[in-house]
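Trainee: Submitted below is the structure of interest, expressed as structure tokens.
The values are calculated or read from the model by the stated rules, or taken from the named source; none is laboratory data. Just so we're clear, the structure is a prediction, and the values are computed from it rather than from any experiment. No Cβ is skipped: glycine too gets one built from the backbone with ideal geometry, and neighbour counts run over all protein chains shown. All accessible areas refer to the heavy atoms of the entire protein, side chains included, with ligands and DNA or RNA removed. Shrake-Rupley method; radii C 1.70, N 1.55, O 1.52, S 1.80 Å.
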Amino acid sequence: NIFCSSGRTTFSSVHIIAPESMAESPAITNMIARGNETHVHTHTYTISEDVIASSEPMREYTQIFEIASALIENRADRASLLVFVGSENVAADAYAVFIGMLPFRGAKIYITTFF
């Protein structure tokens with residue numbers, strides 16, 4: 001059980017961020033199904049693996065802000081749970097910190113890996 005913000009018993013929404021190769025994985029499919037069962041709005045976002053591999057700061061910056069903008073459009077807030085699904089490239093886990101830190105300081109960020 002993960003502690004929710006502000007004394008809440010549920011998260012306002014769940015936002016799953018994953019590399020493209022993980023987007024259709026059973027783990028993510030199960031997370032989405034669980035969100036639907038509990039009536040928690042669940043959204044998914046993908047990170048381009050080309051961007052991760054490129055190590056080009058402007059491409060990385062653009063990707064981070066595209067996802068952060070989509071989170072805002074989907075009404076993520078401080079009571080949301082951000083789930084970052086990592087890949088074999090552990091350096092990409094930094095995306096979770098940057099995405100969670102920028103517009104959602106105080107949101108819960110959960111980093112996990114399924115490979």
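Trainee: Go ahead and run the numbers for FRET between V40 and T112, Cβ-Cβ distance against an R0 of 22 Å, rounding to 0.05.
Mentor: With R0 = 22 Å, the Cβ-Cβ based efficiency is 0.80.
Trainee: Further question on the same structure: Could you work out what % of the accessible surface of the chain is carbon and sulfur, using a 1.4 angstrom probe and leaving DNA, RNA and ligands out of the count? Intermediate values should be presented prior to the final figure.
Mentor: Values: 3680 of 6850 Å².
Carbon plus sulfur share of accessible area: 54 percent.
Trainee: Here are labelled values, [x] 13.5, 41; [y] 15.9, 48; [z] 15.2, 48, and one is the computed Rg and Dmax of the Cα atoms in Å for what I pasted. Which one?
Mentor: Looking at Rg and Dmax of the Cα atoms in Å for this model, the match is [x].
Trainee: Would you calculate a helix-derived [θ] at 222 nm for the chain, using -39,500 (n - 2.57) for each DSSP H run of n ≥ 4 and dividing by the full residue count, to the nearest 500?
Mentor: Roughly -11000 deg cm²/dmol at 222 nm, from the helical runs in the chain.
Trainee: Give me the three principal axis extents of the range 15-67 from the C-alpha atoms, as integers in angstrom, largest value leading.
Mentor: 40, 20, 8
Trainee: For the range 1-100, what's the relative contact order in percent, using C-alpha pairs closer than 8 Å and at least 6 residues apart?
Mentor: RCO, the range 1-100: 40 percent.
Trainee: Tell me, what is the per residue accessible area of the chain in Å², probe radius 1.4 Å?
Mentor: Values: 6850 Å² over 115 residues.
In whole numbers, the chain has 60 Å² accessible per residue.
Trainee: Next question. Amide H to amide H under 5 Å from T44: which residues, 5+ apart in sequence or cross-chain, H placed 1.01 Å off N in plane?
Mentor: For T44, whose amide H was placed from the backbone, the distant partners under 5 Å are I16.
Trainee: Let me ask you something else. Using heavy-atom solvent-accessible surface (probe 1.4 Å) with all chains present, what is the largest-first order of E56, E88?
Mentor: E88, E56
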